[in-house]
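A short worksheet on the structure shown next.
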Amino acid sequence: MIRFNYLAPDHTARIARYLGSLREARLRRPIAAVAFAFVLLGTARGVEDWRLHAADVRVETIRGREAAIATARRSVQALSTDIARLERIDEYVRAVRRSGAERAEELASIGNSLPLHVWLTAIRDTEGGWAITGGARNVSDVGSAMLALERVPRIASTTLVSAQGSERERLILYELRLGRR
């Protein structure tokens, strides 16, 4: 049979010995100094923990503000891009309005110089000229259109960019670049 002792050991005698040593005058000062050092250390640690916690709270607050500012900054950048695009469009519209009659003459001369069986679907203003797209019955009509466009006073050169389609179906789609004089 195994026996167990369920009573806890009595440490009161050992504690009484330690406390009894405090009554000795030669040990009181060193023990008080050590206790005071622990109190100072604990106080300094508590102050530093409080300061670190306060700094963490401030950092989290700043991160939240920064995230909100980043969202607003992206919105402002998108709006700035839109404004710049709209300003370019506005400048283009103003330029067209300023040169209304002259611009209308240029576009009319391009359209009126095309031979029969050649038509335009778009005229785009490009840097240094125009890009025109359209259709024709056959390739020779596209060549005739290029020759006719070179005789227009305000056009310096014509360049065939692309021509595709089928003469059997009588539809050739073309794109030309026209250089300004």
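The values are calculated or read from the model by the stated rules, or taken from the named source; none is laboratory data. Small disclaimer: the values here were computed from a predicted structure and weren't measured. Please note: Cβ atoms are built from the backbone with ideal geometry, for glycine as well, and neighbour counts cover all protein chains shown.
Across the stretch 13-53, what is the total count of residues that are at pLDDT below 70 and either assigned to a helix (DSSP H, G or I) or touching an Asp or Glu at 6+ places or on another chain (Cβ under 9 Å) (or both)?
Number satisfying all stated conditions: 6.
For the stretch 114-143, which positions are hydroxyl-bearing (Ser, Thr, Tyr) and farther than 14 Å from SER157 by Cα?
Of everything in the stretch 114-143, those that are hydroxyl-bearing (Ser, Thr, Tyr) and farther than 14 Å from SER157 by Cα turn out to be THR121, THR133, SER140.
Which of the residues spanning the stretch 89-110 are in contact (Cβ under 8 Å) with a residue 12 or more places away in the chain and small (Gly, Ala, Ser)?
SER109
Need the failing condition index for ARG88 against (1) at pLDDT 90 or above; (2) within 55 Å of the chain's Cα centre (by Cα); (3) more than 30 Å from LEU149 (Cα to Cα), just the number.
Going through the list (1) at pLDDT 90 or above; (2) within 55 Å of the chain's Cα centre (by Cα); (3) more than 30 Å from LEU149 (Cα to Cα), ARG88 breaks only (3).
Could you tell me whether LEU149 is in a helix (DSSP H, G or I) and in contact with a strand residue (DSSP E or B) (Cβ under 7 Å, 6 or more places away or on another chain)?
Taking the combined requirement at face value, the residue satisfies it.
Need pairs with beta-carbon distance below 6 Å; first residue part of a strand (DSSP E or B) and within the stretch 120-144, second loosely packed, with under 15 Cβ neighbours inside 10 Å and polar (S, T, N, Q); sequence gap 6+ or separate chains.
Close Cβ pairs satisfying both conditions: THR133/THR121; GLY134/THR121.
Inside the stretch 91-137, can you point out the residues that are under 17 Å from ARG151 (Cβ atoms) and either in contact with a Phe, Trp or Tyr (Cβ under 7 Å, 6 or more places away or on another chain) or of a type in the set (Val, Ile, Thr) (or both)?
Once the filter is applied, which keeps residues that are under 17 Å from ARG151 (Cβ atoms) and either in contact with a Phe, Trp or Tyr (Cβ under 7 Å, 6 or more places away or on another chain) or of a type in the set (Val, Ile, Thr) (or both), the stretch 91-137 yields ILE110, VAL118, ILE132.
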